[in-house]
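Colleague: Quick one: structure below, then a few questions.
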Amino acid sequence: MSPTPSSSGTPNRVTKLLDKLPPELRPRYLGSTPFGPSLEVKRFLYPNGLEVLCCEDPSAPVLAYHTWFRVGSRHERPGKTGLSHLFEHLMFGETKNLRAGEYDQRLEEAGAETNASTWLDFTQYSVNAPAKALPLVIRLEAERLRNLLLTESQVSTEKDVVANERRYRVDDDIEGATSELLWATAFEKHSYHWPTIGWMSDILGFTPEDCEAFYRTYYAPNNATVVVVGDFSLPALLKRIGEHYGTLSPAQLPVEDITPELPQSEERRVEVTKPTPTEKLALGYRGPALGDFDHIAASVLAEVLAGGRPSRLVKRLVHDLELATDVRMFLGPFRDPGLIEISATARDGHRAEALETIINEELLRVQKEPVTVDELARALARLELGLLAGLETVEGKASTIGFYETVLGRPAAAFERLESMHKMTASDLMRAARRFLRPETRTAIVVRRGAEPEGVAP
Amino acid sequence: MNHKTRPQFATVRGVPVVVETCHALPLVNLTLARTTGAVIDPVGQEGLTRLLSRLTRRTAGGRPLQTIEETLDRLGGSMGADVSYSAASMSGTVIARSLVPFVELFADALGKPSLDVTEFERLKRETSAEIIEGQDNDRALAHRALRRAIYPDHPYGRTATGTLQSVARIDHASLVAQDRVVRRRNSLLLGMSGSIELGEAIDVAERLLDAVPEGAAPVDASGDPCVPVGRKLVIVDKPERSQTQILVGLAGTKPDDPDHSALHVAMTVFGGTFSSRLMQAVRVERGWSYGAYASLPIDRFRQAMTIWTFPSKQDAPACARLTLELLERLIAEGITAKELGFAKNSLIRSHAFSIDTAAKRMSLALDAALLGLPVDFYERYEERIASVTLEQANLALQARLDPGRLVIAVVGNARELRERLLESVPGITGVDVVPFDSGEL
């Protein structure tokens with residue numbers, strides 16, 4: 001964030017109220033930044049390191065209260081994969097002052113919706129609630145950050161639940177299984193090698209001690225950002241957060257133990273067989289980190305190649321040649337360099353190789369010839385529509401703010417990126433194509449039809 | 001800020017128009033819905049209404065499909081065609097600066113689709129490919145198997161998408177004939193939301209409806225479906241499943257049933273929240289399934305109430321048995337006063353998230369009109385829930401849910417599951433096994 005303190009510093013109404021708090025519970029106002037045409041994000045820092053980003057939006061009597069922790073599967077190590085995600089589940093359990101199930105019960109009775117997600121770089125908890133429920137939300141969120149209990153039975157049951165989630169999302173899901181294999185093959189050193197949900201054997205092996213250590217290490221105010229969007233009184237919010245979170249102690253955060261991935265110098269290819277009616281192809285090219293200047297160019301390029309029916313790959317593979325049911329391209333929004341993924345599903349009777357031939361032709365073409373002015377304009381309009389449509393709800397706004405704050409440290413980066421996208425030229429896209437879409441940095445997974453032999457471990 | 005915003009209503013060329021203005025974002029949403037959905041598909045030609053809706057969108061004003069898609073992208077717009085059992089709709093969103101050309105395109109789709117035969121054949125091939133691809137989706141397979149078994153003699157038992165066989169049977173002449181019957185102005189409803197004022201919306205409505213022929217489409221007279229007597233088990237046989245998808249279906253209610261709200265509250269206690277009986281017993285206490293939910297969907301006629309769990313293949317028989325035991329206990333013993341209070345509070349307070357955006361408010365008003373409900377149906381939601389008594393909730397459970405008339409649909413390996421399910425679940429009166437790739441689903 002590039003703080004832009006207002007001329008009067010902290011807003012007056014906030015200052016007066018916060019002055020009544022003891023200094024150790026009183027946040028510092030660090031400035032504000034515009035968030036789209038009509039909103040702004042104000043940043044506050046409490047003495048214990050907790051950051052709070054506030055975006056007042058009184059258009060409906062609801063609010064989103066999201067807590068983002070700067071810990072994800074990137075912080076795990078072999079043998080303990082999936083701990084961030086398992087822990088996310090455990091955060092909904094018993095605490096010193098809440099019996100098992102009470103956290104959800106209290107919030108559901110207040111009309112709130114709760115959820116959480118874990119990914120490579122972060123873990124995020126969301127409570128979307130009627131505006132009146134704010135005091136309850138703050139109290140319960142602070143309670144589970146301070147007083148979570150991690151018993152043997154809780155950890156054991158939740159391990160079973162996560163094992164079932166893994167079966168649902170990965171083991172019995174062709175797309176999930178293919179994506180997991182793609183990343184595991186493309187990354188050998190970096191922690192992006194393992195899936196966020198973790199390997200099954202690791203999930204089943206966790207102990208309450210593993211979970212307790214993780215909690216004490218990462219779930220600290222100085223490793224978290226609270227994002228609040230919606231209909232609330234800013235002074236009352238900050239005062240309550242100070243009262244409930246202010247006495248939490250900061251933790252000594254460990255140094256990040258990340259091994260960068262070595263450059264890839266030749267293609268990697270894996271073929272698997274699954275019970276599926278059609279062949280699938282998943283390609284992963286070594287891509288840029290979210291903060292890389294060329295991430296924006298690569299994002300626009302992905303839209304030109306596979307964003308909607310007129311895009312080059314969809315037009316040729318789905319529309320003109322009718323070889324594929326669908327083609328998608330995804331550029332990972334991660335702190336470290338990830339993958340540019342291209343996935344395609346062959347139509348019945350067609351082989352994955354036929355898809356790959358066309359994809360290769362088109363990827364070569366964008367490296368040789370500039371995209372047209374019209375293609376660029378269409379890609380930008382699609383991206384703009386996507387951003388705006390995602391901001392209709394308080395949930396959408398809070399997720400966007402929290403994500404960009406956690407990964408890039410700039411809560412309004414979605415709009416900054418949109419502005420930068422509009423400055424992109426065909427030259428930028430050609431440079432990105434030449435930099436990233438090189439065959440030697442490609443990993444390919446081919447899924448064939450048929451049943452896997454029984455008893456063979458994945 | 002006035003939180004009590006409500007839709008504005010107008011009538012343009014006899015068509016009801018719902019408008020919900022909000023300038024928070026420079027976006028405009030348009031939805032044009034028709035009160036005839038997939039239930040009017042002729043037997044053996046399931047998927048006809050959906051094909052027609054998609055082709056209408058793909059041949060707007062006789063333009064080639066690629067031209068339509070490029071125009072939409074250039075404008076910063078999206079347009080989709082959707083078909084449910086009781087309605088067909090075309091909806092879209094556009095960046096407000098492009099509203100005028102977007103409306104031109106939308107109007108041409110509604111009023112002047114060429115229904116080009118080459119595009120029709122391409123669409124059929126695409127649809128067939130999508131149906132084949134759907135065989136990868138275990139949950140969708142379970143839903144289709146459940147519907148087919150629970151409503152064998154009603155259009156709700158068929159699929160709106162169609163099957164490989166039914167789509168193959170649809171010819172261009174049938175589709176054109178269907179278009180003449182259903183694309184009629186008097187069966188339409190129009191909704192607009194976002195950065196648009198009432199006056200502008202009326203102008204848009206005039207333009208959209210300009211070329212749509214007058215007259216009414218057929219009325220859906222299929223009536224309420226009936227669930228066969230007995231407990232039927234359907235296994236969708238699929239190899240290599242480490243997990244199963246289990247759906248239990250029973251007859252539900254429709255929104256104007258006098259006890260619908262009471263059943264809605266009772267089912268919330270059973271499986272509508274994370275704190276529900278089902279979720280606590282299946283996930284929290286036993287760790288058997290990542291999710292465990294019950295839902296009571298609404299439509300013009302009585303839809304099936306469903307219970308969904310997805311345990312591992314080892315736990316599947318016990319999980320199916322537990323689900324039915326919990327259901328039987330719910331019907332026999334009812335819910336408690338404390339549970340009633342919890343569910344009512346949860347439903348009433350969380351309703352704020354059903355109406356927190358202009359698009360959602362417009363959509364609810366349109367839904368009410370499509371289902372033939374009073375215009376203030378959703379505005380009075382909280383009032384209806386608040387009025388439900390314990391006696392009403394428990395009477396609704398006993399009157400509506402019959403544990404002796406239900407279907408259990410399971411996706412998994414039939415060889416591994418069949419006997420174990422029959423041993424575990426009492427009272428099964430019939431078993432059907434359907435290969436996942438048979439083309440029947």
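Values quoted throughout were computed directly from the atomic coordinates according to the rules given, and no laboratory measurement underlies them. Every value quoted in this text rests on a predicted model; they were computed, and no experiment measured them. Cβ coordinates were reconstructed from backbone atoms using ideal geometry, including for glycine residues, and neighbour counts include every protein chain displayed.
Colleague: What ranking do B:R400, A:R99, B:R169 get, fewest neighbouring Cβ atoms within 10 angstrom at the top?
Modeller: Final ranking by Cβ density, sparse to dense: A:R99, B:R169, B:R400.
Colleague: Within 10 Å of each Cβ in peptide B:123-136, how many partner chain Cβ atoms are there on average? Round it to a whole number, please.
Modeller: Mean number of neighbouring Cβ atoms from other chains: 5.
Colleague: Write down the Å³ per residue value for the convex hull defined by the alpha carbon atoms of the range A:259-409.
Modeller: Taking only Cα atoms, the range A:259-409 has a hull volume of 158 Å³ per residue.
Colleague: So if I take the centroid of the Cα atoms in the range A:228-242 and the same for the range A:61-124, what is the distance between those two points in Å?
Modeller: So the two Cα centres are separated by 21 Å.
Colleague: Can you give me the distance in nm between label points at A:V255 and B:K254, each placed 7 Å from the Cα along the Cα-to-Cβ direction?
Modeller: Each label point is offset 7 Å from its Cα along the Cβ direction, giving 7.1 nm.
Colleague: Ignore the peptide's own chain and count Cβ atoms of other chains within 10 Å of each Cβ in B:61-73; give me the average, rounded.
Modeller: 4
Colleague: Taking chain B as a Gaussian network, where each spring joins two C-alpha atoms under 10 Å apart, which residue of B:V375, B:V17, B:V167 fluctuates the most?
Modeller: Looking only at B:V375, B:V17, B:V167, the biggest GNM fluctuation is shown by B:V375.
Colleague: Could you list the trypsin sites (Lys or Arg not before Pro) in the range B:340-386 that lie in coil according to DSSP, counting only those with at most 16 other Cβ atoms within 10 Å of their Cβ?
Modeller: B:R380
Colleague: Give me the inter-chain shielding for B:274-281: mean count of other chain Cβ atoms within 10 Å, whole number please.
Modeller: Across B:274-281, the average partner-chain Cβ count within 10 Å equals 3.
Colleague: Same structure, new question: Can you give the calculated 222 nm mean residue ellipticity of the protein assembly as shown, where each DSSP H run of n ≥ 4 adds -39,500 (n - 2.57) and the sum is split over every residue, rounded to the nearest 500 deg cm²/dmol?
Modeller: Using -39500 (n - 2.57) per qualifying helix, the result is -12000 deg cm²/dmol.
Colleague: As a footprinting exposure proxy, order B:C226, A:C55 by other Cβ within 10 Å, with the fewest listed first.
Modeller: B:C226, A:C55
Colleague: At R0 = 35 Å, how high is the FRET efficiency between A:E243 and B:Q314 if r is their beta carbon distance? Nearest 0.05 is fine.
Modeller: So, using R0 = 35 Å, E works out to roughly 0.15.
Colleague: To continue, here is another question. For the residue pair B:E325 and B:V229, what label-to-label distance in nm results when each label sits 7 Å from Cα along the Cα-to-beta-carbon direction?
Modeller: In this crude label model, B:E325 to B:V229 measures out at 2.8 nm.
Colleague: Using alpha carbon centroids, what distance separates the range A:316-352 and the range B:337-376, in Å?
Modeller: 39
Colleague: Counting other beta carbons within 10 Å of each Cβ, put B:T49, B:T67, A:T225 in order, fewest first.
Modeller: B:T67, A:T225, B:T49
Colleague: Between B:T429 and B:Q66, take the C-beta separation as r, use R0 = 41 Å, and let me know the FRET efficiency to the nearest 0.05.
Modeller: The computed FRET efficiency comes out at 0.15.
Colleague: Okay, next question. Compute the label zone of A:K20 within the range A:225-260: residues whose backbone N is under 16 Å from the point 7 Å along Cα-to-Cβ.
Modeller: Within reach of a label on A:K20: A:233-244.
Colleague: Which distance in nm do the two modelled labels at A:R448 and B:L198 give, with both placed 7 Å along the Cα-to-Cβ direction?
Modeller: Distance between the two pseudo-spin positions: 6.7 nm.
Colleague: State the answer as a single residue: which of B:L366, A:M200, A:S153 lies farthest towards the positive end of the charge dipole of the protein assembly as shown, with beta carbon charges of +1 for Lys and Arg and -1 for Asp and Glu, about the Cα centre.
Modeller: B:L366
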